[in-house]
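Below: the structure, in structure tokens.
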Amino acid sequence: MNLILLGAPGSGKGTLAKLLSSKLRVPHISPGDILREGVKQDSPLGQIAKPFMTSGSLVPDEIIMKMMEKRIIQPDCGKGFILDGFPRTIVQAERLDQMLSNSGRSIDFALKFEVSDECALERLGGRRICSVCDADFNLYTKPPKKENVCDICGGKLFQRADDKEEVISNRVKVYREQTLPIEEYYNHQGKLIRINSEPNPNVVLKEILKVLEVG
Ligand code: AMP
């Protein structure tokens, strides 16, 4: 199954993408993760992307498309994939459709994750990530047992630079202006499914599997 996860920053799509990926046994592809890895390694891609990411703006379409085209033709995507954070502009959505149709594929569904602004802000502001194993924690909803230490591997936790308050507001603005129109793009194709992602992730997962009829 070829799925797209849509939703504002803090809507919980990353968490659900991981759960869905292991349940459906298809890769979870997040351009944000690929770019963060590039920044960490200080690769040429990371160097280009860093200033956009730090300010909460979008990395230019050409760079994202090149990166995603390379990823989606990998053999592990043959049985499907879960796209988390892509497409984020109409240009990306159109190019994705074109690229998939060239290989006889298409998007099955676009899941739109809906949460209140308060819930999204709590998720973003409280998010902490392990610097060693990438495990996710949240100071409010899923705190680590020991402050700033990963429960799983003991690594040090950190806050993403773009989860700081001043960047969050720009990310939300960019989402509303550039990414929200994509909802209509998939709605028009009859592929949009709205999901209430405010409950606990396992409850949301169950709901999605029921809607997709793969429970
Ligand atoms: P995310 O982890 O999805 O919140 O993405 C983190 C940052 O990576 C975003 O704020 C953008 O700067 C960049 N980014 C991720 N995905 C895309 C995309 N599809 N198009 C443009 N920029 C992106």
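For the range 87-146, the set of residues classified as under 22 Å from G190 (Cβ atoms), charged (D, E, K, R) and outside any helix (DSSP H, G or I) consists of R88, R105, D108, K112, E114, listed by residue number. What residue, among those in the range 52-71 that are open to solvent by 80 Å² or more (accessible area, probe 1.4 Å) and within 12 Å of the ligand (Cβ to nearest atom), is nearest to L100 (Cα to Cα)? Among those that are open to solvent by 80 Å² or more (accessible area, probe 1.4 Å) and within 12 Å of the ligand (Cβ to nearest atom), it is K66. Checking the range 118-128 against the condition returns no match, with no residue being open to solvent by 70 Å² or more (accessible area, probe 1.4 Å) and either modelled with pLDDT of 95 or more or in contact with a strand residue (DSSP E or B) (Cβ under 6 Å, 6 or more places away or on another chain) (or both). Can we say I4 is within 13 Å of the ligand (Cβ to nearest atom) and within 14 Å of the chain's Cα centre (by Cα)? Spelling it out, I4 is indeed within 13 Å of the ligand (Cβ to nearest atom) and within 14 Å of the chain's Cα centre (by Cα).
Just one of (1) more than 14 Å from the ligand (Cβ to nearest atom); (2) closer than 22 Å to V211 by Cβ; (3) in contact (Cβ under 8 Å) with a residue 40 or more places away in the chain fails for S22. It is (3). Among the residues here, I48 qualifies as open to solvent by 70 Å² or more (accessible area, probe 1.4 Å), in contact with a helix residue (DSSP H, G or I) (Cβ under 7 Å, 6 or more places away or on another chain), part of a helix (DSSP H, G or I) and not charged (D, E, K, R).
The values are calculated or read from the model by the stated rules, or taken from the named source; none is laboratory data. Computed from a predicted structure; not experimentally measured. In this analysis, Cβ positions are derived from the backbone assuming ideal geometry, glycine residues included, and neighbour counts consider all displayed protein chains. Protein only, heavy atoms only, side chains kept; ligands, DNA and RNA dropped before computing areas. Shrake-Rupley method; radii C 1.70, N 1.55, O 1.52, S 1.80 Å.
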